[in-house]
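The values are calculated or read from the model by the stated rules, or taken from the named source; none is laboratory data. The model shown is predicted, which means the values in this text are computed figures rather than measured ones. Because the Cβ atoms are built from the backbone with ideal geometry, glycine has one as well, and the counts that use them run over all protein chains shown.
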Amino acid sequence: MFVSNEVSNEVSNEVSTTFWHPFADMSAVNGHELVVASGVGARVRTKDGREFIDASAALWFNSVGHGRKELADAAAAQMMTLAAYSNFGDQATESTLRLSDRLSALSPQEDCKVFFTSGGSDAVDTAVKMVRRYWWLNGQPDRTWIITRNRAYHGMHMAGTALAGIAANRDGHGNLDSRVRNIQWDSAAELAAVIDELGAERVGAFFCEPVIGAGGVYAPPPGYLDEVRKICRDRGVLFVADEVITGYGRVGSILASTRWALDPDLILTAKGLTSGYLPMGAVLVAGRIAEPFWNSPGVMWRHGYTYSGHATAAAVAMANLDVLERERLIERVVELQPLLAQLLQPLNQHDVVHEVRAGVGLLGAVQVKPEVIAADPTFGPRIIGQLRERGVLTRMLADGSVQVSPPFVIEERDLASIASAIDESLAALGSTRRARPMLDVNLLPDQTSDESGGFGSSDDRLLADVPPHHGG
Ligand SMILES: Cc1ncc(COP(=O)(O)O)c(C=O)c1O
C-alpha cells in the first residue's frame with residue numbers, strides 16, 4: 001500500500017559508506033543514504049519499507065516501469081545462451097544484430113547504421129569522434145569545432161563535459177577541448193552567427209537536445225528546431241540530436257527527431273532503450289555519414305567499447321521495445337501529456353515558483369525563483385525532503401527545477417499526487433499561493449500542441465548552482 005502520510009524523512013542507511021555516489025556531496029551523503037530496494041510499475045520501495053512514486057523514472061530512464069519480469073526473462077534467456085561476446089572486427093552476437101536492424105528501421109534517417117555504446121556519455125564521446133573523423137575522411141580535417149548550447153547536458157565523459165552547457169559541470173577540470181563553442185540555448189540567430197564567425201569550413205557539428213533535460217526541461221521555442229536544422233544544412237554542419245532522454249517515447253513519439261522531422265546526421269540514444277534494466281546506448285547514424293567509414297577499404301576506425309552491442313543488453317532492449325509497442329506506451333505518453341501540463345501549471349501560483357514547464361511528452365519542471373535559491377541554497381534539497389515525506393521521489397535540476405518525468409505506466413492518480421505533493425511541499429516551506437485555486441484543471445489553457453513549444457519561455461536567467469544534483 002502507498003503510505004504517503006506515514007513516511008518520515010529519516011534516512012535508510014545511517015552507517016558510513018564506501019560507495020562514492022555520482023553527483024553527490026559525499027560529506028553530506030556519507031551516513032545518509034536513501035537505499036532504494038525494489039520497485040513495481042511507477043512505485044519504488046526503500047530498504048526500510050517506505051513506498052514512493054517514482055516521479056523521475058529514476059534518471060529519466062525507466063519508461064516501462066519497474067519490476068518487469070519479461071525483461072528479466074529476456075536477460076536470463078540470453079545469459080544462459082551467451083551472456084556476451086566481443087563484437088570487435090567481424091564478430092557479432094545475434095541479439096545485437098536483431099536490435100541493430102530494429103533500431104535502423106525505427107530511425108527516421110535513411111539507411112541508418114547503428115553504433116552501440118554502454119550508455120549516453122559513450123554515445124556523446126563516440127559522436128564527437130565520429131564527426132571529426134567523418135570530416136577527416138572527407139578531406140576537410142579542419143572541421144573540428146563543435147557548437148553546443150547553454151543549459152545543455154551531454155553526459156560526463158571528457159567530450160560531454162567539454163560540451164556541457166551547465167557551467168558547474170565543467171568547472172575545475174581544465175580546458176578539456178578548446179574547439180567547443182557554447183551558445184544561447186534558444187537563439188538560432190546566434191548559431192548562424194557563430195558558424196559564420198568561426199568559418200563553416202572549420203565547424204564539424206551542432207549538438208542539440210531537442211528538449212533540454214537535465215538543464216531544466218526546456219522545450220524548443222516554436223520554430224527553433226526547424227531553423228537550426230536549416231542553418232546546419234545550409235552551411236554543411238552536421239546536426240547531432242542528443243536524444244538520450246527524449247528517445248524511445250518520452251516526447252510522445254518514438255524519437256523527438258521523428259516528432260519534429262529533424263533528419264539528424266546522428267541521433268544519440270541510451271536510457272529508454274533498455275528502460276535502464278541494463279546499461280546500453282546507441283548512436284543512430286544516417287547512411288550518408290556512415291558511407292565514408294563503410295566504404296574505405298583497408299581503413300579501420302579504431303573506436304569501440306568492450307560492451308558495444310552487449311548481447312544481454314541487446315536482448316533486454318528488444319524486450320523493452322516489445323513492451324513499449326504491445327502496451328502502446330508511447331500512445332500513453334501522448335494521453336498523459338496534457339494531463340501532466342494541466343496538473344503542474346497551477347503551481348505557477350506559488351510565490352516562490354518562477355516558471356512551470358510541461359506540455360511536451362512526459363516531461364515537466366517546476367522551477368523555483370533563482371533569487372529564492374540564491375538566498376537559501378538549502379531550499380532545493382528541502383523541497384526534495386518535503387516531497388519524500390509525501391511519498392514522492394525526485395530531484396532538483398540544474399536550474400532549480402523539480403524534475404517530473406515518471407515512467408510511462410504511471411497512473412493518473414499518481415500524477416495528480418505528484419502535483420499536489422509539490423504544492424504542499426512548497427507551502428510547507430513558506431510559499432504562499434495567489435488567489436486562483438490550486439490544481440483546478442478546468443481553468444487551464446491547453447498547452448499541448450507543438451506550436452506552444454510546451455510553455456517554457458526564453459530568457460537569459462543565470463543557471464543557479466543548486467547542490468547536489470546537476471547531473472543527467
Ligand atoms: C541529453 C543527455 N545526453 C547524455 C547523457 C549521458 O548519459 P549517461 O549518463 O548514460 O552516460 C545524459 C544523461 O542524463 C543526457 O541527459
How many residues are part of a helix (DSSP H, G or I), surrounded by fewer than 24 Cβ atoms within 10 Å (Cβ to Cβ) and touching a Leu at 6+ places or on another chain (Cβ under 9 Å) when one looks only at the range 255-279?
1
Hey, could you check the range 210-235 for residues that are outside any helix (DSSP H, G or I) and without any contact (Cβ under 8 Å) to a residue 60 or more places away in the chain and say which is surrounded by the fewest Cβ atoms within 10 Å (Cβ to Cβ)?
GLY223
Only one of PHE52, PHE19 is outside the structural domain of SER401 (by TED's automatic domain parsing) and either more than 16 Å from the ligand (Cβ to nearest atom) or out of contact with any Gly (no Cβ under 8 Å at 6 or more places or on another chain) (or both); which?
PHE19
Just to be sure I understand the filter: pairs with C-beta atoms under 7 Å, separated by 6 or more residues or on different chains, first member in the range 344-373 and under 14 Å from SER405 (Cβ atoms), second member modelled with pLDDT under 95 and surrounded by 23 or more Cβ atoms within 10 Å (Cβ to Cβ). Which pairs pass?
ARG357/GLY454; ARG357/GLY456; ALA358/GLY454; GLY359/GLY454; VAL360/GLY454
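Within the range 153-164, work out how many residues are over 14 Å from the mean Cα position of the chain (by Cα) and within 11 Å of the ligand (Cβ to nearest atom).
At the first step, the residues of the range 153-164 found to be over 14 Å from the mean Cα position of the chain (by Cα) are 157-159, 161-163.
Next, only the ones that are within 11 Å of the ligand (Cβ to nearest atom) stay: 157, 159, 161, 163.
Count: 4.
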Matching residues in the range 73-86 - criterion: being within 27 Å of the chain's Cα centre (by Cα) and buried (at least 21 other Cβ atoms within 10 Å of the Cβ)
ALA74
All conditions in (1) in contact (Cβ under 8 Å) with a residue 60 or more places away in the chain; (2) more than 11 Å from the ligand (Cβ to nearest atom); (3) part of a loop (DSSP other than H, G, I, E, B) are true of PRO141 except (1)
Considering the range 236-285, residues that are hydroxyl-bearing (Ser, Thr, Tyr) and touching a strand residue (DSSP E or B) at 6+ places or on another chain (Cβ under 6 Å), and then whichever is farthest from the ligand (Cβ to nearest atom), we arrive at SER257
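So, in the range 1-25, how many residues would count as being over 28 Å from ILE422 (Cβ atoms), at pLDDT 95 or above and hydrophobic (A, V, I, L, M, F, W, C)? Spell out how you get there, then give the answer.
First, the residues of the range 1-25 that are over 28 Å from ILE422 (Cβ atoms): 15-20.
Adding the requirement that they be at pLDDT 95 or above leaves 18-20.
Checking the rest, the ones that are also hydrophobic (A, V, I, L, M, F, W, C) come to 19-20.
Of the residues in the range 1-25, 2 are over 28 Å from ILE422 (Cβ atoms), at pLDDT 95 or above and hydrophobic (A, V, I, L, M, F, W, C).
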How about the range 101-127: which of its residues are more than 15 Å from TYR248 (Cβ to Cβ), surrounded by 21 or more Cβ atoms within 10 Å (Cβ to Cβ) and more than 16 Å from the ligand (Cβ to nearest atom)?
GLN109
